[in-house]
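Chemist: Before anything else, here's the structure in question.
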Amino acid sequence: MHEARVLVVDDSAAMRALFSDILDQAKNVTVVGTARSADDARDQIAELKPNVITLDVEMPGMSGIEFLEEIMEHDPRPVVMLSSLTQAGTEISLRAIELGAVDCFPKPLKATPEQFSKSVGKLGKIVLAAANSNVRDRKPRTEAKGGEAPFQWNGHIAAISASMGGIDALTTILAQFPGNCPPTLVCLQAEPMVVETFVKRLDDMLKCHVRPARDGATLTQGTIHIAADPDHHVVVEPGQPPRLRLMARDPVDGARPSANLLFGSIARGAIPAIGAVLTGMGSDGARGLRLLRESGATTLVQDRKTALVSEAPEAVIALDAAVREVPLADLGTALLAGCGIG
């Protein structure tokens, strides 16, 4: 694992000092410099050669989004965007991910001390994962369009987990789903307000319906449910049709919602399914996917070369939890094949 050498770019001296202090306390993370503008950052990048940049969205002169686009076009490297938790901020965050940002971290501007401590504790892990990501190998995303091939459902549900890089990967995969897609449940570790905007955008773009996961929702054809509420786990309750249940309980192995818990509920309920773990940090999903495989379900993992962050796929492979490793471009087709007839 490479250490993170970070350049902090923010027009506010207070924010530069704050995030530098936070990151300097993180293991295997070193702040090599700070910059107050895009012009300043270009000089620092050339001189210091950071392997991660934290970039403020709002800066005088060239904006953070404009500078991100320049970086990704001319010298791709991992960028973590820092943005406010507003509606406009979530739209900008999605745009940043589309352009190639590894992640978007909310600025804890009005948080309580407890919320602040919890929030900033994630930043070091995010930056370290970014330093070891596959940004330079990232392929440009194609426009999402609903699948056109005829689909006949075989009764299986699709269950997917993802974290860092997951929004980009899911956009590619779900673009291949038809209007009568199999019942699909996604466990996504990402900023909830960004996911809310992402769900609305996907629902507009795809032929099938995309909804936030709700307690008691039935898993029926034509709907994708995305679970990202950090206060609740999501499990599947057997039935005709199966139902979602949301549970307020402690994190499982540090994750909530937990993909291990989700996959395990499907395996224990003997619900016909295909499971997949996509790009992401940590190992959540690996043990649960192993339970799914042992129950007889088909299990897939995004291949490490196309995963923006390969930690989660590597954990799956280490446990021999997947039947096969599949490139991102082929995962949508593979999931549909596991849920279709013929």
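The values are calculated or read from the model by the stated rules, or taken from the named source; none is laboratory data. This one's a predicted model, so the numbers in the text were calculated from it and none came from an experiment. Methodologically, a virtual Cβ is constructed for each residue, glycine included, from the backbone with ideal geometry; neighbour enumeration extends over all protein chains shown.
Chemist: Only one of L206, L246 is surrounded by 15 or more Cβ atoms within 10 Å (Cβ to Cβ) and either outside the structural domain of T279 (by TED's automatic domain parsing) or under 20 Å from Q189 (Cα atoms) (or both); which?
Modeler: On the way: L206 fails: either outside the structural domain of T279 (by TED's automatic domain parsing) or under 20 Å from Q189 (Cα atoms) (or both).
Unique residue meeting the criteria: L246.
Chemist: Still on this structure: Of these, S265, S310, S295, which one is more than 27 Å from W153 (Cα to Cα), hydroxyl-bearing (S, T, Y) and out of contact with any Pro (no Cβ under 6 Å at 6 or more places or on another chain)?
Modeler: Numbers: S265 fails: more than 27 Å from W153 (Cα to Cα); S295 fails: more than 27 Å from W153 (Cα to Cα).
Of the residues listed, the single one that is more than 27 Å from W153 (Cα to Cα), hydroxyl-bearing (S, T, Y) and out of contact with any Pro (no Cβ under 6 Å at 6 or more places or on another chain) is S310.
Chemist: I'd like the full set of residues that are under 21 Å from the mean Cα position of the chain (by Cα), within 17 Å of P192 (Cα to Cα) and aliphatic (A, V, I, L, M), limited to region 225-262.
Modeler: Scanning region 225-262 gives I226, A227, A228, V234, L246, A255, A259.
Chemist: Inside region 172-216, can you point out the residues that are closer than 19 Å to A312 by Cβ, of a type outside the set (D, E) and part of a loop (DSSP other than H, G, I, E, B)?
Modeler: Q189, A190 - these are the residues of region 172-216 that are closer than 19 Å to A312 by Cβ, of a type outside the set (D, E) and part of a loop (DSSP other than H, G, I, E, B).
Chemist: From the set of residues in region 291-310 that are surrounded by fewer than 22 Cβ atoms within 10 Å (Cβ to Cβ) and not small (G, A, S), which is farthest from D137 (Cα to Cα)?
Modeler: Here the residue is E294.
Chemist: Go through region 1-45 residue by residue and tally those that are within 23 Å of the chain's Cα centre (by Cα) and among the basic types (K, R).
Modeler: 2
Chemist: Hey, can you tell me all the residues within region 1-50 that are touching an Asp or Glu at 6+ places or on another chain (Cβ under 8 Å) and under 13 Å from V127 (Cα atoms)?
Modeler: Correct list: F19, N28, V29, T30, V31.
Chemist: Now for a separate question. Hey, T197 hits all of (1) modelled with pLDDT of 95 or more; (2) out of contact with any Pro (no Cβ under 6 Å at 6 or more places or on another chain); (3) polar (S, T, N, Q) but one; which does it fall short on?
Modeler: (1)
Residue-by-condition table, conditions (1) touching a residue at least 12 places away in the same chain (Cβ under 8 Å); (2) out of contact with any Ser or Thr (no Cβ under 7 Å at 6 or more places or on another chain); (3) not aliphatic (A, V, I, L, M):
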position: F19; (1), (2), (3): yes, no, yes
position: T34; (1), (2), (3): yes, no, yes
position: K49; (1), (2), (3): yes, yes, yes
position: V52; (1), (2), (3): yes, yes, no
position: D56; (1), (2), (3): yes, yes, yes
position: P60; (1), (2), (3): yes, no, yes
position: I65; (1), (2), (3): yes, yes, no
position: M72; (1), (2), (3): yes, yes, no
position: R77; (1), (2), (3): yes, yes, yes
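Chemist: Looking only at region 18-38, count every residue that is modelled with pLDDT under 95 and part of a helix (DSSP H, G or I) and tell me the total.
Modeler: 7
Chemist: Moving on to the next point. Can you confirm whether G264 is in a helix (DSSP H, G or I) and buried (at least 16 other Cβ atoms within 10 Å of the Cβ)?
Modeler: Judged against the criteria, G264 is a match.
Chemist: Right, next: Would you check which residues across region 313-330 are outside any loop (DSSP other than H, G, I, E, B) and surrounded by fewer than 16 Cβ atoms within 10 Å (Cβ to Cβ) and list them? Quick ask: steps written out before the conclusion?
Modeler: First, pick out the residues of region 313-330 that are outside any loop (DSSP other than H, G, I, E, B): 313-318, 324-326, 328-330.
Listed by number, the residues that qualify are E314, A318, R324, A329.
Chemist: Same structure again: So in region 103-134, with the set limited to residues that are modelled with pLDDT of 90 or more and not in a helix (DSSP H, G or I), which one is nearest to the chain's Cα centre (by Cα)?
Modeler: D103
Chemist: Separate question: Among the residues in region 331-338, are any in the same structural domain as D215 (by TED's automatic domain parsing), under 27 Å from M1 (Cβ atoms) and either touching a helix residue (DSSP H, G or I) at 6+ places or on another chain (Cβ under 7 Å) or at pLDDT 95 or above (or both)?
Modeler: There is at least one residue in region 331-338 that is in the same structural domain as D215 (by TED's automatic domain parsing), under 27 Å from M1 (Cβ atoms) and either touching a helix residue (DSSP H, G or I) at 6+ places or on another chain (Cβ under 7 Å) or at pLDDT 95 or above (or both).
Chemist: Here's a follow-up. Just to be sure I understand the filter: pairs with C-beta atoms under 8 Å, separated by 6 or more residues or on different chains, first member in region 143-167 and at pLDDT below 95 and of a type in the set (D, E), second member in a loop (DSSP other than H, G, I, E, B) and surrounded by 18 or more Cβ atoms within 10 Å (Cβ to Cβ). Which pairs pass?
Modeler: So the pair list comes out as E143/A175; E148/P178.
Residues are listed down the side, and each one gets a yes or a no for (1) under 25 Å from L336 (Cα atoms); (2) of a type in the set (S, T, Y); (3) modelled with pLDDT of 95 or more:
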| residue | (1), (2), (3) |
| --- | --- |
| L219 | yes, no, yes |
| I224 | yes, no, yes |
| L246 | no, no, yes |
| R249 | no, no, no |
| L261 | yes, no, yes |
| R268 | yes, no, yes |
| I271 | yes, no, yes |
